[in-house]
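A.B. asks: Starting off with a structure, shown below.
The values are calculated or read from the model by the stated rules, or taken from the named source; none is laboratory data. Just so it is clear, the structure is predicted and the values come from calculations on it, not from any experiment. Quick reminder, even Gly has a Cβ in these numbers, built from the backbone with ideal geometry, and neighbours come from all protein chains shown.
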Amino acid sequence: MKLTSYGAAEEVTGSCHLVEVGDKKILLDCGLIQGRAKDERRNRDPFPFDPSSLDAVVLSHAHIDHSGRLPILFNQGYEGKIFTHPASADLCSTLLKDSAYLHQRDTEYRNKRRARKGRAPLEPMYTIEDVERTIKCFKTVDFGVPTAITGNCEITLNDAGHILGSAMVTLKLEEKDQRRTLVFSGDLGHRGAPILRDFHLLDEADLVLVESTYGNRLHRDWSETFDEVSDIVREVKGSKGNVLIPAFAVGRSQMILYMFARYFDQWDLGQWKIFLDSPMAIEATKTYLKHVDLYDETAAAFWKEHGPDLSMPNFSFSRTAAESQKINQMKSGAIVIAGSGMCTGGRIKHHLKHNLWRKESHVVISGYQSYGSLGRKLVDGAKSVKLWGDKIKVQASIHTVGGLSAHADQQGIMDWYANFKGRPPALMVHGETDAMQVLAGRIRSELGGHAHIAKPGKSTDLLKLDRLKA
């Protein structure tokens, strides 16, 4: 009985953890590696295990760094089910199709360059057809319902409060009369965030696999975050430029729209034209409206009353490429919410190309930016960036609103872990090394827990957990 992390170990993206119990193999997540080009090239590498040998896959939530390699898994031989929450299955239909489209478009672009150099063409990592085949294999599981997925593994999903349908996974494992309970946190949500309920608290585990994205940081109080956004709105009010908000299509875009609607008058947003310029975010918003039962009481009442347009008369969905291009003709007065959240692809890159070099423009960074991403370069103060080979001078004002993160901060993770009886050993995943080290140190010193950093490809024997307590 063992656990091996093959992704999101000593890095943030590419979540992928293999559980072996008896003769069964269960994969937790199968996400895309994101960030620098050399990191993303690893997505084309063969899996370090035989996909055809897997008995089940459990998906914590729909974000691409957790779900994005599922079609590749099927292409390489997996034939089983993917167990996940119904909302995650719905969101994956949107996210994975968009991912396939981006891969195909990127491959076409790269093949034009390869052809000029006399090099053989590449195949896209997967296609829309591959995604449709993958989606048919989802098996949905509601929160709080124990479900046997193999003869020796039962799972229970509980609300992680990160995005719609996001789950922490409890696995009850049995091998030769030995029983172990493994808890995978998935991505824990930011407590008190608009729309979703706070993450569920668990109290029993023999080993905890815990995310640590913000393991070395504390978020501002929500009231301070709202004040910070208000300050930015006041700062840009007299601007003669546009405001760009790179945002993840799932979760962040809906949170921003909800905040805009709630504070529409207070923030004097009627002077702007507000665009959600992302077909994927538009589809995700429809899914959010389908699962209002997952909201907190305040958000559920608000969305039911105001509907998909949130009663903002100056708000519009920008679905087509032509509509997006028309926005770029605007020199001022536009607030544009577009993906991708880390500025690594999508329509936001076109908007950045038209606005980054303009001193009167503003870019509001609303979430975590992975090392090597374009968004991270902007946050780190890059004087210029390259977009499609062109060097663009960065003269727009860059604002960072850290408090809007959908991830739990250090204290949130600490409080979640502290609820477990007996302080089970904890393995840090899904974070940069320094964040993991800080979080692990605090768990040891303040909670008396035994915290370790998961190493890529290194297995943990679940029958010999006392070794982690030494």
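A.B. asks: Residues of segment 18-56 being among the aromatic types (Phe, Trp, Tyr) and crowded, with 19+ Cβ neighbours inside 10 Å, which ones?
C.D. replies: Scanning segment 18-56 gives a single hit, Phe47.
A.B. asks: From the list Lys326, Lys349, exactly one residue is more than 30 Å from Leu447 (Cβ to Cβ), surrounded by fewer than 22 Cβ atoms within 10 Å (Cβ to Cβ) and without any contact (Cβ under 8 Å) to a residue 12 or more places away in the chain. Which is it?
C.D. replies: Matching residue, one of Lys326, Lys349: Lys326.
A.B. asks: Go over the candidates Leu257, Leu244 one by one and state the one that is in contact with a strand residue (DSSP E or B) (Cβ under 9 Å, 6 or more places away or on another chain) and not in a helix (DSSP H, G or I).
C.D. replies: Leu244
A.B. asks: Could you please find all residues in segment 316-332 being polar (S, T, N, Q) and in a loop (DSSP other than H, G, I, E, B)?
C.D. replies: Ser318, Thr320, Asn328, Gln329, Ser332 - these are the residues of segment 316-332 that are polar (S, T, N, Q) and in a loop (DSSP other than H, G, I, E, B).
A.B. asks: How many of the residues making up segment 51-108 are outside any helix (DSSP H, G or I) and either modelled with pLDDT under 95 or more than 18 Å from Asn158 (Cα to Cα) (or both)?
C.D. replies: So the count comes out to 12.
A.B. asks: Is it the case that segment 294-310 has a residue that's closer than 16 Å to Ala62 by Cβ and of a type outside the set (D, E, K, R)?
C.D. replies: Looking for residues that are closer than 16 Å to Ala62 by Cβ and of a type outside the set (D, E, K, R), one finds at least one in segment 294-310, hence yes.
A.B. asks: Could you please find all residues in segment 319-343 being in contact with a Leu (Cβ under 6 Å, 6 or more places away or on another chain) and not aliphatic (A, V, I, L, M)?
C.D. replies: Scanning segment 319-343 gives a single hit, Cys343.
A.B. asks: Then there is this: How about segment 106-134: which of its residues are acidic (Asp, Glu) and in contact with a Phe, Trp or Tyr (Cβ under 9 Å, 6 or more places away or on another chain)?
C.D. replies: Result: Asp130, single match.
A.B. asks: Please report, ordered by residue number, the strands (runs of 3 or more DSSP E) entirely within segment 140-192 with at least 2 residues that are under 30 Å from Ala281 (Cα atoms) and not assigned by TED's automatic domain parsing to the domain that holds Tyr368.
C.D. replies: Output list reads 153-159, 167-175.
A.B. asks: Inspect segment 197-210 for any residue being in contact with a Pro (Cβ under 7 Å, 6 or more places away or on another chain), outside any strand (DSSP E or B) and either of a type in the set (Phe, Trp, Tyr) or modelled with pLDDT of 95 or more (or both) and give the result as yes or no.
C.D. replies: yes
A.B. asks: In segment 272-305, what residues are surrounded by fewer than 13 Cβ atoms within 10 Å (Cβ to Cβ) and either among the β-branched types (Val, Ile, Thr) or at pLDDT 90 or above (or both)?
C.D. replies: Result: Asp293, Glu297, Thr298.
A.B. asks: Still on this structure: I'd like to know if segment 177-187 contains one or more residues that are in contact (Cβ under 8 Å) with a residue 40 or more places away in the chain, of a type in the set (Ser, Thr, Tyr) and in contact with a Gly (Cβ under 6 Å, 6 or more places away or on another chain).
C.D. replies: So far as segment 177-187 goes, no, none of its residues is in contact (Cβ under 8 Å) with a residue 40 or more places away in the chain, of a type in the set (Ser, Thr, Tyr) and in contact with a Gly (Cβ under 6 Å, 6 or more places away or on another chain).
A.B. asks: While we're on this one: Taking only segment 357-389 into account, find how many residues are within 24 Å of Lys38 (Cβ to Cβ), at pLDDT 90 or above and assigned to a loop (DSSP other than H, G, I, E, B).
C.D. replies: Qualifying residue count, segment 357-389: 4.
A.B. asks: Looking only at segment 91-117, which residues are out of contact with any helix residue (DSSP H, G or I) (no Cβ under 9 Å at 6 or more places or on another chain) and either at positive phi or of a type in the set (Asp, Glu) (or both)?
C.D. replies: Asp106, Glu108
A.B. asks: While we're looking at this one, here's another question. Given the criteria in contact with an Asp or Glu (Cβ under 9 Å, 6 or more places away or on another chain) and in the same structural domain as Leu32 (by TED's automatic domain parsing), does Leu465 qualify?
C.D. replies: Spelling it out, Leu465 is indeed in contact with an Asp or Glu (Cβ under 9 Å, 6 or more places away or on another chain) and in the same structural domain as Leu32 (by TED's automatic domain parsing).
A.B. asks: Suppose we filter Met414, Met428 for residues that are outside any loop (DSSP other than H, G, I, E, B) and crowded, with 20+ Cβ neighbours inside 10 Å; which single one remains?
C.D. replies: Being outside any loop (DSSP other than H, G, I, E, B) and crowded, with 20+ Cβ neighbours inside 10 Å holds for just one of Met414, Met428, which is Met428.
A.B. asks: Of Arg252, Arg234, which residue is buried (at least 16 other Cβ atoms within 10 Å of the Cβ), of a type in the set (Lys, Arg) and not assigned by TED's automatic domain parsing to the domain that holds His162?
C.D. replies: Only one candidate qualifies: Arg252.
A.B. asks: Is one or more of the residues making up segment 333-340 in a loop (DSSP other than H, G, I, E, B) and either at negative phi or buried (at least 22 other Cβ atoms within 10 Å of the Cβ) (or both)?
C.D. replies: Scanning segment 333-340, I find at least one residue that is in a loop (DSSP other than H, G, I, E, B) and either at negative phi or buried (at least 22 other Cβ atoms within 10 Å of the Cβ) (or both), so the answer is yes.
A.B. asks: Assuming Ser60 fulfils every condition listed in (1) over 21 Å from Leu462 (Cβ atoms); (2) in contact with a helix residue (DSSP H, G or I) (Cβ under 8 Å, 6 or more places away or on another chain); (3) of a type in the set (S, T, N, Q) apart from one, which condition is it?
C.D. replies: Among (1) over 21 Å from Leu462 (Cβ atoms); (2) in contact with a helix residue (DSSP H, G or I) (Cβ under 8 Å, 6 or more places away or on another chain); (3) of a type in the set (S, T, N, Q), the lone unmet condition for Ser60 is (1).
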